[in-house]
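Worksheet: one structure, shown below.
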Amino acid sequence: MKPGNWSQVTEFIILGFPHLQGVQAFLFLLLLLIYLTTVLGNLLIFLVVCLDFQLHTPMYLLVSILSLLELGYTAATTPKMLSNLLSEKKTISFSGCLLQIYFFHSLGATECYLLTAMAYDRYLAICQPLHYPTRMTPALCVKIAVGCWLGGLAGPVAEISLVSHLPFCGLNRIQHIFCDFPPVLSLACTDTSINVLVDFVINSCKILATFLLILSSYVQIICTVLRIPSAAGKKKAFSTCASHLTVVLIFYGSILFMYVRLKKSYSLDYDRALAVVYSVLTPFLNPFIYSLRNKEIKEAVRRQLKRMGILE
């Protein structure tokens, strides 16, 4: 297409859930309830770990950082989804769309790295317990957290740069619930095979590498636990990993199918369903997974409530 025949798109229309137009109000209330629960639950875990000195261990410091990360991760997409459910004009500016993609992917990458660090922490605690206090020090924990954040924030820069130089010259209706690379690339009026390839390579390296590292840690953890003679010892060792492993399975189970593929998209409903899982449900479930299954965090919450005079 010749440059004189088109004008650059300045905004996009996010279609969201077009087949559910009759229940927009219900979807808004449901999503708002999930979002508020997500914010309050993750904020509670973060504050409890910060305020309770008994939880100032590497494992719980990493859990608190994960909760803080989830606050930003869900804020990158959910507020705009809520706004679009109530608005007839479901638009987002071109720069706003790129910013949403950047923060969503950078925070998602940070979560991949952080979940890997948490798996390494569990590996040291179970497989090398005598060396754990000297290896997983608070200073190392801080360095790991900073490294996860810096690595995540730098991750999607190349992809965003490539997308920002693409021409968008007509279609501006995003067939998704928020801005993301695959649906935005499908609207470009030029060949995007390079973009798709770069996106595939970066996501494959990032997602598969961290997932394999986590898998490697858990293989060694399982081998070590199976050598524990007592059933009570095995149960205690597995219980310290159960919450983290549950989060890993939910998070990676969805993003592997969504981003580690060369095709731009499968069915639109398939992509939307996966997007709901990793952008809405995973941050929502994390506080319940880490609090309801964790005796130490529940006890810490009770201590803080007693300190505030809410419980006797």
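The values are calculated or read from the model by the stated rules, or taken from the named source; none is laboratory data. Since the model is a prediction, treat every value here as computed from it, not as a measurement. Cβ coordinates were reconstructed from backbone atoms using ideal geometry, including for glycine residues, and neighbour counts include every protein chain displayed. Heads up: the accessible areas ignore ligands, DNA and RNA and are worked out on the full protein's heavy atoms, side chains in. Shrake-Rupley method; radii C 1.70, N 1.55, O 1.52, S 1.80 Å.
Laid out as a table, the results:
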read-out	value
Conditions (1) more than 14 Å from the chain's Cα centre (by Cα); (2) open to solvent by 10 Å² or more (accessible area, probe 1.4 Å): number failed by ILE214	(2)
Scan of segment 237-260 for residues that are open to solvent by less than 20 Å² (accessible area, probe 1.4 Å) and within 27 Å of LYS295 (Cα to Cα), ordered by number	ALA237, CYS241, SER243, HIS244, VAL247, VAL248, PHE251, TYR252
Lone unmet requirement of (1) among the polar types (S, T, N, Q); (2) open to solvent by less than 50 Å² (accessible area, probe 1.4 Å); (3) part of a loop (DSSP other than H, G, I, E, B) for THR190	(2)
Filter pass, ASP180 being touching a residue at least 12 places away in the same chain (Cβ under 8 Å) and not β-branched (Val, Ile, Thr)	yes
Contacts under 6 angstrom Cβ, first residue in segment 131-157 being touching a residue at least 24 places away in the same chain (Cβ under 8 Å), partner open to solvent by less than 60 Å² (accessible area, probe 1.4 Å) and among the small types (Gly, Ala, Ser), 6 or more apart	ILE144/ALA117; GLY152/SER106; GLY152/ALA109; LEU153/SER106; GLY155/SER106; GLY155/ALA109; PRO156/SER106
VAL146 vs. criteria modelled with pLDDT of 90 or more, part of a helix (DSSP H, G or I) and closer than 24 Å to SER64 by Cα	yes
Any hit, segment 229-236, residues being surrounded by 13 or more Cβ atoms within 10 Å (Cβ to Cβ), out of contact with any Pro (no Cβ under 9 Å at 6 or more places or on another chain) and either touching a residue at least 40 places away in the same chain (Cβ under 8 Å) or assigned to a loop (DSSP other than H, G, I, E, B) (or both)	no
Subset of segment 49-61 [out of contact with any Asp or Glu (no Cβ under 6 Å at 6 or more places or on another chain) and within 27 Å of GLY151 (Cβ to Cβ)]	VAL49, CYS50, LEU55, HIS56, THR57, TYR60, LEU61
Among the candidates THR110, THR77, residue that is under 17 Å from the mean Cα position of the chain (by Cα), closer than 30 Å to VAL163 by Cα and in contact (Cβ under 8 Å) with a residue 60 or more places away in the chain	THR77
